[in-house]
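K.L.:
I have a structure I would like to understand better, so I am pasting it below and will then ask my questions one at a time.
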Amino acid sequence: MLQSLGDAFSMLGALDHDVMAIAWLSLRVSLSAVLLGSLVAIPLGALLAIVIFPGRTVVVAVVNAFMGLPPVLVGLIVYLLLSRSGPLGALGLLFSPGAMILAQTVLAIPLLAALTRQIVEDAHRELDEQLRSLRLDVWQRIRVLVFHLRFSLVVAVLAAFGRAISEVGAVLVVGGNIDGYTRTMTTAISLETQKGDLPFAIALGILLIAIVLAVNATASAMRAYTMRLYP
């Protein structure tokens, strides 16, 4: 065990090419997914927060429930969509980084939408009278609130990134864990552990933990900054 741990740190210290390539792919896929998810989920969450319409309670409940979607189920759905007989089969994305980005985007949207709705709804209760006095329409109010809450929303985005980069089920199903092409840190850790290459798996695990800790530390710092800025 100690030998494997020492070899793992040696690989990290030497910036092993395979470890860095897998880490870079994981970062690229997760960052792309969270960016795309944010473009959909933040406006959606803000809209749910300030607009009252029939069935809103049901929609909010569904969005909240989808935060707990099993990643492997999302992977299966995306697989069926992208398979040759599926409606998006012509795109040829299956077993590619694009398919992995799509799967992680689907996972990120409910989480981001639910967190955004709660953050914006809380702020909207306090600022509703001021916004009404300015006679802003719905989308203008959304823009004002999103800008006002940008630091809190960044924390939500970082939370979604943390979930995306540590996810294994969906990317394994739609990516295929192809060496040098769709192998991420989580899928590589699973494979290398089964193969018995513990130093490689431990090196990736240490790197993944470091990234997740960095994300959490950034989120905590952003939250503290927001509380100081808007006591």
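The values are calculated or read from the model by the stated rules, or taken from the named source; none is laboratory data. Predicted, not measured: the structure shown is a model, and the values here were computed from it. No Cβ is skipped: glycine too gets one built from the backbone with ideal geometry, and neighbour counts run over all protein chains shown. All accessible areas refer to the heavy atoms of the entire protein, side chains included, with ligands and DNA or RNA removed. Shrake-Rupley method; radii C 1.70, N 1.55, O 1.52, S 1.80 Å.
K.L.:
Order of 151-163, 47-59 by packing, highest average Cβ count within 10 Å first?
P.N.:
Values: 151-163: 20.9, 47-59: 12.9.
Put in order of decreasing packing, that is 151-163, 47-59.
K.L.:
Determine the principal axes of the Cα atoms in the stretch 1-47, then give the extent along each, sorted from largest to smallest and rounded to whole angstroms.
P.N.:
Answer, in whole Å and largest first: 54, 21, 12 Å.
K.L.:
Compute the Kirkwood hydrodynamic radius of the stretch 1-134, taking the inverse of the mean of 1/r over all pairs of distinct Cα atoms, and give it in Å to one decimal. Write out the running numbers ahead of the final one.
P.N.:
Details: mean 1/r = 0.0561 Å⁻¹.
Across the stretch 1-134, the inverse of the average 1/r is 17.8 Å.
K.L.:
Could you pull out the trypsin sites (Lys or Arg not before Pro) across the stretch 98-141 that fall in loop regions by DSSP (anything but H, G, I, E, B) with no more than 14 other Cβ atoms inside 10 Å?
P.N.:
On the way: sites: Arg117, Arg125, Arg132, Arg135, Arg141; in loops: Arg135.
Listed in order of number, the matching sites are Arg135.
K.L.:
Ser220 versus Phe66, label points 7 Å from Cα toward the beta carbon: distance in nm?
P.N.:
With each label placed 7 Å out from Cα toward Cβ, I get 3.2 nm.
K.L.:
Expressed as a whole percentage, what fraction of the accessible surface of the stretch 129-231 belongs to carbon and sulfur atoms when a 1.4 Å probe is rolled over the protein heavy atoms?
P.N.:
64
K.L.:
So what's the angle, to the nearest 10 degrees on a 0 to 90 scale, between helix 198-229 and the longest Cα principal axis of the chain?
P.N.:
20
K.L.:
How many angstrom lie between the Cα centre of the stretch 30-79 and the Cα centre of the stretch 176-224?
P.N.:
Centre-to-centre (Cα) distance: 25 Å.
K.L.:
Taking the solvent-accessible surface of protein heavy atoms with a 1.4 Å probe, what is the per residue accessible area of the chain in Å²?
P.N.:
Details: 12250 Å² over 231 residues.
In whole numbers, the chain has 53 Å² accessible per residue.
K.L.:
With each pseudo-label sitting 7 Å past Cα toward Cβ, what's the Ile206-Val144 distance in nm, one decimal?
P.N.:
5.2
K.L.:
Remind me, what semi-axes does the stretch 97-143 give for its equivalent ellipsoid, largest first in whole Å, using sqrt of 5 times each Cα gyration tensor eigenvalue? Kindly include the intermediate steps, with their values, before the conclusion.
P.N.:
Numbers: eigenvalues 206, 29, 4 Å².
Taking √(5λ) for each eigenvalue gives 32, 12, 5 Å, largest first.
K.L.:
Another question, then. What three numbers, in Å, describe the spread of the alpha carbons of the stretch 107-231 along their principal axes, ordered from the longest?
P.N.:
Over the stretch 107-231, Cα extents along the principal axes are 65, 31, 18 Å.
K.L.:
Go ahead and estimate [θ] at 222 nm for the chain from helices alone: -39,500 (n - 2.57) per DSSP H run with n ≥ 4, summed, over the residue count, rounded to 500. If you can, show how the numbers build up before the last one.
P.N.:
Numbers: 10 runs with 183 residues, N = 231.
Helices in the chain give a 222 nm mean residue ellipticity of -27000 deg cm²/dmol.
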